[in-house]
Amino acid sequence: MAIAILIAALAGATVVLFYQPRWWLPDAISAHARAYDSQLSLTLCVVGLIFVFSQGLLAWVVFRYRDRGQAASPSGGNHKLELVWISVTAVVFVGLAVTGQGIWAAVQMGASDPRALRVEVMAKQFAWSYRYAGQDGAFGRVDIRQIDDSGGNPFGIDSRDTQGADDITAPLLRVPAGRPVELLLRSRDVIHNFFVRELRLKQDVVPGMTIPLRFTAEKTGTYEVPCSELCGLGHHQMRSALVVMTPEAFEEWLQEARRP
Amino acid sequence: MTIFSTDHKVIGKQYMGLALFSVLLGMVLSLVMRFHLVHPDAKVRLFGALWPDGAPGGQMTPELYLSLMTMHGTIMVFFVLSTAPQSGFGNYFLPLQIGAHDMAFPVLNMLSFWTTTASLLTLLAAFFVEGGGPLSGWTAYPPLSALGKITGPGQGLGQDLWLAAIVLFCTASLMGAINFIVTVIELRAPDMGYFDMPLTCWGWFVTALISLFAFAVLVAGGLLLLLDRTAGTSFFIPGGLIVSDQIQGRSGGSPLLYQHLFWFFGHPEVYIAILPGMGLISTVLSVFSGKKVFGYKAMAMAMLAIGVLGFAVWGHHMFTSGMSPYSSIAFSVLTLAVGVPSAVKTFNWVGTLWGGRLRFTAAMHYALGFVSLFITGGITGLVLGQPGLDIYFHDTYFVVAHFHLIMGVAAIFAIFAGLHYWFPHMYGRFLHEGMGKVHFYLTFVGVYALFVPLHFAGFAGNPRRYPDFKEYEFLQPLLPLHVGVTHAAYFLAAVQLIFLANYFWSKRRGALAPGNPWGASTREWRDD
Amino acid sequence: MTNVARTGQTVLIVASSMLFAAFTSAMAVRRAMGGDWQAPALPAWVWGTLLLAPIASWLVHRERLKAAMVAGSLLVASQFVLLTNLTMASIGDAFCAVLVASHAAHAAAGVLALGRFGARAGLFWHFVGVLWIYVLFVFGAWA
């Protein structure tokens with residue numbers, strides 16, 4: 001009896017706590033993020049229903065069939081029932097998987113937008129750097145032998161490549177609101193991970209690979225970026241930020257940054 | 001000498017002893033970790049004494065935290081969850097339940113226990129070498145784990161010892177798997193067909209089959225990583241790396257290749273941890289409901305399905321890794337599909353209870369707790385199994401909550417159930433029922449208090465594997481939650497003392513038990 | 001041999017096969033990426049060892065165990081020579097070394113098993129032989 005009550009109580013407490021807004025995800029700042037939240041809500045609803053139903057059923061069965069001197073009624077099985085719940089579960093589970101593929105495809109399989117602002121992201125133990133192409137719209141060649149962190153060249157832009165002379169290296173990721181952005185994620189040493197909560201986006205940054213990450217941020221603000229793949233003793237201090245600016249403010253910043 | 005006994009019952013107890021030591025050590029490590037998370041600046045004399053390099057002046061460094069975390073995960077996954085349910089209970093009870101005199105290869109059995117012990121000692125040695133234990137997590141991803149000391153403290157000899165320990169453990173497990181499989185195939189009593197075996201035996205059998213395939217692949221991954229570290233190869237090391245201002249000369253390797261090899265093992269590993277427990281829970285629920293298991297054949301087939309499908313889903317650990325997004329879709333569908341046989345088992349457990357006459361022994365309490373926790377831990381898999389959603393939750397505390405509930409709690413509850421159920425057989429006495437129930441209730445509440453809130457940290461995007469949360473503004477509002485979780489952890493640890501007291505006291509002074517105290521029908525309770 | 005001996009060796013063969021399958025697939029993946037794959041250069045004499053495996057198996061079949069162990073030891077010895085002569089210049093060489101060394105370990109274990117268990121360990125020995133033909137094929141022809 002007590003255990004039935006306890007199961008029900010814990011399940012109930014869990015459900016109540018899950019719906020506290022205090023711990024919900026931060027505000028969504030893009031269309032993708034809103035689509036994400038829809039899918040998450042749908043999934044949590046389904047999960048919540050399954051949770052309440054199954055814990056409730058368990059608690060009820062425990063209560064109903066506690067030993068009160070009754071005889072146990074034998075039941076070795078029931079093929080029809082098995083088939084029913086296999087089918088229902090399969091439909092619900094696989095159905096959920098299918099509904100979720102849309103937001104995945106939108107992020108991962110879209111084509112590169114030619115209008116997008118392309119920014120290179122460089123992760124290293126334990127800091128982030130960003131590179132913007134200059135007026136020429138092209139990124140200069142890099143050469144790891146020319147990497148000079150204290151000298152402001154974390155990318156190792158090759159001084160012999162004229163295209164790189166006007167590249168802008170920055171410690172924070174600044175983007176204009178409303179414009180598509182394509183990040184080109186690279187790492188110099190170990191695996192890191194670039195995560196922006198408000199965009200609902202996360203991507204491992206793998207040495208040896210250049211991985212694109214596309215988004216369009218709508219809301220101005222500064223959003224913390226925590227490294228999200230264990231990269232060493234400074235993993236928890238590898239903080240960065242996404243700064244979404246109005247297009248005007250962004251242009252101003254870009255002009256300012258371009259001045260030698 | 002008894003310690004080199006080839007008797008399966010002795011070996012089973014030896015494995016249980018090794019697992020008990022390991023779980024206590026693993027738990028202490030987690031307490032130290034939780035303490036540090038909420039008191040990152042504390043100077044603790046004990047830490048300074050134990051780890052003068054890792055905690056100078058008693059102040060724990062991030063690298064020490066990460067190495068404790070690595071050891072915690074490694075010890076718990078391998079030496080507790082892959083040991084007690086299978087090598088512990090399985091060695092003891094499989095031969096008895098199928099009517100065999102011992103396992104098929106008793107000498108091999110003894111060797112596999114001692115190889116496991118050698119593995120544990122090798123792992124623990126990492127604590128004591130220069131640089132301490134590795135900080136790359138139980139997953140040890142390269143290049144962090146492949147480039148040596150230059151990527152961080154503990155990444156020198158500590159990581160080498162860790163790898164050697166893993167390779168030893170794989171070898172021991174493969175030896176054990178061969179033994180279990182041959183025993184089930186060849187040594188069943190003449191009147192026991194495959195579908196006459198108790199579900200416990202099915203659990204051990206399928207687990208051994210999984211181990212056979214999975215551990216072999218981990219050996220491959222581990223050996224290749226060891227070679228990258230010691231022989232100048234570049235299986236996993238790409239070109240163009242510069243670490244701590246030093247250009248790394250090697251090139252041509254793929255960090256993702258390691259992840260594929262590791263998780264091809266790593267996912268089936270979690271089924272290794274849970275399947276024996278599932279078999280046991282079916283038995284306990286059946287015995288204490290006074291009815292046969294509902295849908296025995298479906299239960300056995302579901303275990304096989306989980307075992308087979310479990311090999312097809314490893315990519316769900318790699319959704320954000322940079323691998324092909326198309327393969328993620330395939331892995332996602334398969335991942336949610338593998339939830340189906342698990343759901344079938346859950347329904348059948350309820351079906352077993354339905355219409356029964358439920359006796360609430362301590363073992364039954366744990367079994368019911370297992371079902372409840374399996375549901376709670378398992379259904380968050382429906383969130384994480386979607387790559388579109390995992391793109392937020394990967395590497396957050398949501399994942400930590402998920403796997404702890406399912407592995408670190410449900411699987412452990414199955415062990416508690418097994419101990420209460422089989423203690424009379426192993427020691428001729430009962431574990432104290434009242435103490436057992438008190439322990440159950442306090443632990444059941446404690447684990448919910450500890451792990452459910454971690455989901456909410458995940459909602460907030462709280463990354464995992466952080467030694468402290470000082471750097472980020474968005475983490476500050478979560479500190480009270482973390483304090484609460486830490487207190488729950490202390491409470492939970494203290495409560496385990498009740499179980500320990502029960503265990504050690506009952507071995508000597510527990511109430512004497514008759515031959516078949518629970519009225520069960522499986523062979524181990526028969527006089528012959 | 002008894003059922004237990006046969007089943008035991010079969011299961012061991014499955015595990016070993018998985019190990020080599022893992023190495024092979026790692027190699028296949030690595031070969032497909034990067035575009036810098038260089039097949040390892042196997043010296044011509046290595047192909048002679050191709051015969052050692054079937055010969056040893058035939059000897060086991062005929063219960064000429066000492067001779068089989070000699071053939072097996074010859075195989076392991078030649079694998080050592082091959083390993084020390086690999087230049088390890090490329091990733092292809094590295095994979096070759098890994099598979100050859102793993103095979104040598106299995107072959108050595110097979111020889112010891114023949115010594116300890118006699119013809120009962122024959123099934124494992126036949127597997128070792130087939131596996132060597134596989135390894136040679138992978139590096140000599142396919143790589």
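The values are calculated or read from the model by the stated rules, or taken from the named source; none is laboratory data. Because the structure is a prediction, the values reported are computed rather than measured. Heads up, the Cβs are rebuilt from the backbone with ideal geometry, glycines too, and the neighbour counts pull from every protein chain shown.
Evaluate segment B:447-467: report whether one residue or more is away from chain A (no Cβ under 14 Å) and part of a loop (DSSP other than H, G, I, E, B).
Narrowing segment B:447-467 to residues away from chain A (no Cβ under 14 Å): none.
Scanning segment B:447-467 turns up no residue that is away from chain A (no Cβ under 14 Å) and part of a loop (DSSP other than H, G, I, E, B).
State the number of residues belonging to segment A:10-57 that are surrounded by 19 or more Cβ atoms within 10 Å (Cβ to Cβ), part of a helix (DSSP H, G or I) and of a type in the set (Gly, Ala, Ser).
Number satisfying all stated conditions: 3.
Condition first: in contact with a Ser or Thr (Cβ under 9 Å, 6 or more places away or on another chain) and either touching a residue at least 24 places away in the same chain (Cβ under 8 Å) or away from chain A (no Cβ under 11 Å) (or both). Now tell me which residues in segment B:229-248 satisfy that. Full working, then the answer.
Step one: filter segment B:229-248 for residues in contact with a Ser or Thr (Cβ under 9 Å, 6 or more places away or on another chain), giving B:229, B:234-241, B:243-244.
Result: B:229, B:235, B:236, B:237, B:238, B:241, B:243, B:244.
Please find, among B:139, B:200, B:171, the residue that is part of a helix (DSSP H, G or I), closer than 24 Å to residue C:16 by Cα and at pLDDT 95 or above. Steps first, answer last, please.
Working: B:139 fails: part of a helix (DSSP H, G or I); B:200 fails: closer than 24 Å to residue C:16 by Cα.
That would be B:171, the only listed residue that is part of a helix (DSSP H, G or I), closer than 24 Å to residue C:16 by Cα and at pLDDT 95 or above.
May I ask you to verify whether residue B:514 is more than 13 Å from every other protein chain (Cβ to nearest Cβ), out of contact with any helix residue (DSSP H, G or I) (no Cβ under 6 Å at 6 or more places or on another chain) and not in a helix (DSSP H, G or I)? First the steps, then the outcome.
Values: more than 13 Å from every other protein chain (Cβ to nearest Cβ): yes; out of contact with any helix residue (DSSP H, G or I) (no Cβ under 6 Å at 6 or more places or on another chain): yes; not in a helix (DSSP H, G or I): yes.
When the stated conditions are applied, residue B:514 passes them.
Please work out which residue is surrounded by the fewest Cβ atoms within 10 Å (Cβ to Cβ), limiting yourself to segment B:228-252 and to residues that are at pLDDT below 90 and either touching a Leu at 6+ places or on another chain (Cβ under 6 Å) or farther than 20 Å from residue B:152 by Cα (or both).
B:251
For segment A:62-101, what are the residues that are within 7 Å of another protein chain (Cβ to nearest Cβ), closer than 30 Å to residue B:324 by Cα and among the hydroxyl-bearing types (Ser, Thr, Tyr)?
A:89 - this is the single residue of segment A:62-101 that is within 7 Å of another protein chain (Cβ to nearest Cβ), closer than 30 Å to residue B:324 by Cα and among the hydroxyl-bearing types (Ser, Thr, Tyr).
Scan segment C:28-40 and tell me whether some residue there is surrounded by 15 or more Cβ atoms within 10 Å (Cβ to Cβ) and away from chain B (no Cβ under 14 Å).
Yes, segment C:28-40 has at least one match.
Quick check on segment B:52-79: of everything there that is assigned to a loop (DSSP other than H, G, I, E, B) and among the small types (Gly, Ala, Ser), which residue is farthest from the other protein chains (Cβ to nearest Cβ)? Walk me through how you get there before you give the answer.
At the first step, the residues of segment B:52-79 found to be assigned to a loop (DSSP other than H, G, I, E, B) are B:52-55, B:60-61.
Cutting the leftovers down to among the small types (Gly, Ala, Ser) gives us B:54-55.
Working: B:54: 11, B:55: 13 Å.
For segment B:52-79, the residue satisfying everything is B:55.
How many residues are touching a helix residue (DSSP H, G or I) at 6+ places or on another chain (Cβ under 7 Å) and either buried (at least 16 other Cβ atoms within 10 Å of the Cβ) or hydrophobic (A, V, I, L, M, F, W, C) (or both) when one looks only at segment B:480-495?
Matching residues across segment B:480-495 total 11.
Limited to segment B:361-385, what total is found for residues that are within 7 Å of chain A (Cβ to nearest Cβ) and over 21 Å from the mean Cα position of the chain (by Cα)?
Residues flagged as within 7 Å of chain A (Cβ to nearest Cβ) and over 21 Å from the mean Cα position of the chain (by Cα) within segment B:361-385 amount to 2.
Within segment C:53-66, which residues are of a type in the set (A, V, I, L, M, F, W, C) and in contact (Cβ under 8 Å) with a residue 60 or more places away in the chain? Quick ask: steps written out before the conclusion?
To start, the set of residues in segment C:53-66 that are of a type in the set (A, V, I, L, M, F, W, C) comprises C:53, C:55-56, C:58-60, C:65.
Those that are of a type in the set (A, V, I, L, M, F, W, C) and in contact (Cβ under 8 Å) with a residue 60 or more places away in the chain: C:53, C:56, C:60.
Please work out which residue is farthest from the other protein chains (Cβ to nearest Cβ), limiting yourself to segment B:319-335 and to residues that are under 17 Å from residue A:209 (Cβ atoms), out of contact with any Asp or Glu (no Cβ under 8 Å at 6 or more places or on another chain) and surrounded by fewer than 22 Cβ atoms within 10 Å (Cβ to Cβ). Quick ask: steps written out before the conclusion?
First, pick out the residues of segment B:319-335 that are under 17 Å from residue A:209 (Cβ atoms): B:319-328.
With the extra rule that they be out of contact with any Asp or Glu (no Cβ under 8 Å at 6 or more places or on another chain), the set shrinks to B:323-328.
Then drop every residue that is not surrounded by fewer than 22 Cβ atoms within 10 Å (Cβ to Cβ), which leaves B:323-327.
Numbers: B:323: 9, B:324: 9, B:325: 4, B:326: 8, B:327: 11 Å.
Among them, the one singled out is B:327.
Kindly indicate whether residue A:97 is among the aliphatic types (A, V, I, L, M), closer than 30 Å to residue A:224 by Cβ and crowded, with 17+ Cβ neighbours inside 10 Å. Walk me through how you get there before you give the answer.
Details: among the aliphatic types (A, V, I, L, M): yes; closer than 30 Å to residue A:224 by Cβ: no; crowded, with 17+ Cβ neighbours inside 10 Å: yes.
Answer is no for this residue.
Going by the structure shown, is residue B:76 under 18 Å from residue B:467 (Cβ atoms), surrounded by 21 or more Cβ atoms within 10 Å (Cβ to Cβ) and hydrophobic (A, V, I, L, M, F, W, C)?
Values: under 18 Å from residue B:467 (Cβ atoms): no; surrounded by 21 or more Cβ atoms within 10 Å (Cβ to Cβ): yes; hydrophobic (A, V, I, L, M, F, W, C): yes.
So residue B:76 does not fit the description; no.
Inspect segment A:122-142 for any residue being basic (Lys, Arg), within 10 Å of another protein chain (Cβ to nearest Cβ) and under 30 Å from residue B:395 (Cβ atoms) and give the result as yes or no.
yes
If only one of B:218, B:187, B:157 is surrounded by fewer than 22 Cβ atoms within 10 Å (Cβ to Cβ), at the interface with chain C (Cβ under 10 Å from one of its Cβ atoms) and out of contact with any Leu (no Cβ under 6 Å at 6 or more places or on another chain), which one is it? If you could, list the steps in order and put the result at the bottom.
On the way: B:218 fails: surrounded by fewer than 22 Cβ atoms within 10 Å (Cβ to Cβ); B:157 fails: at the interface with chain C (Cβ under 10 Å from one of its Cβ atoms).
So the residue among B:218, B:187, B:157 that is surrounded by fewer than 22 Cβ atoms within 10 Å (Cβ to Cβ), at the interface with chain C (Cβ under 10 Å from one of its Cβ atoms) and out of contact with any Leu (no Cβ under 6 Å at 6 or more places or on another chain) is B:187.
Could you look through segment A:102-121, keep only residues that are more than 9 Å from chain B (Cβ to nearest Cβ) and in a loop (DSSP other than H, G, I, E, B), and pick out the one that is surrounded by the most Cβ atoms within 10 Å (Cβ to Cβ)?
Residues of segment A:102-121 more than 9 Å from chain B (Cβ to nearest Cβ): A:110-121.
Keeping just the survivors that are in a loop (DSSP other than H, G, I, E, B) gives A:110-116.
Working: A:110: 12, A:111: 6, A:112: 10, A:113: 14, A:114: 8, A:115: 7, A:116: 16.
Ranking the qualifying residues of segment A:102-121, first place goes to A:116.
Output the residues belonging to segment B:121-151 that are more than 14 Å from every other protein chain (Cβ to nearest Cβ) and of a type in the set (A, V, I, L, M).
Taking segment B:121-151 as the starting set, the residues that turn out to be more than 14 Å from every other protein chain (Cβ to nearest Cβ) are B:121-130.
Within segment B:121-151, B:121, B:123, B:124, B:125, B:126, B:129 meet the criteria.
Going by what's in this entry, would residue A:96 be described as assigned to a helix (DSSP H, G or I) and over 22 Å from the mean Cα position of the chain (by Cα)?
Numbers: assigned to a helix (DSSP H, G or I): yes; over 22 Å from the mean Cα position of the chain (by Cα): no.
Taking the combined requirement at face value, the residue does not satisfy it.
Test of understanding: among C:69, C:1, C:27, C:88, which residue is touching a residue at least 24 places away in the same chain (Cβ under 8 Å) and not in a helix (DSSP H, G or I)?
Working: C:69 fails: not in a helix (DSSP H, G or I); C:27 fails: not in a helix (DSSP H, G or I); C:88 fails: touching a residue at least 24 places away in the same chain (Cβ under 8 Å).
One residue alone meets the criteria, C:1.
Looking at A:206, A:181 in this structure, which one is aliphatic (A, V, I, L, M) and within 18 Å of residue A:154 (Cα to Cα)? I'd like the intermediate steps shown before the answer.
On the way: A:181 fails: within 18 Å of residue A:154 (Cα to Cα).
Of A:206, A:181, the one residue that is aliphatic (A, V, I, L, M) and within 18 Å of residue A:154 (Cα to Cα) is A:206.
So which pairs qualify, if the first residue must be in segment B:58-72 and in contact (Cβ under 8 Å) with a residue 24 or more places away in the chain and more than 12 Å from residue B:140 (Cα to Cα), the second must be assigned to a helix (DSSP H, G or I) and hydroxyl-bearing (Ser, Thr, Tyr), the Cβ gap must be under 7 Å, and the two must be at least 6 apart or on different chains?
Qualifying pairs under 7 Å: B:72/B:30.
Among the numbered criteria (1) within 13 Å of chain A (Cβ to nearest Cβ); (2) closer than 23 Å to residue B:258 by Cβ, which single criterion is violated by residue B:162?
(1)
Among the numbered criteria (1) surrounded by fewer than 19 Cβ atoms within 10 Å (Cβ to Cβ); (2) of a type in the set (A, V, I, L, M, F, W, C); (3) touching a Phe, Trp or Tyr at 6+ places or on another chain (Cβ under 6 Å), which one does residue B:49 miss?
Just one mismatch for residue B:49, condition (3).
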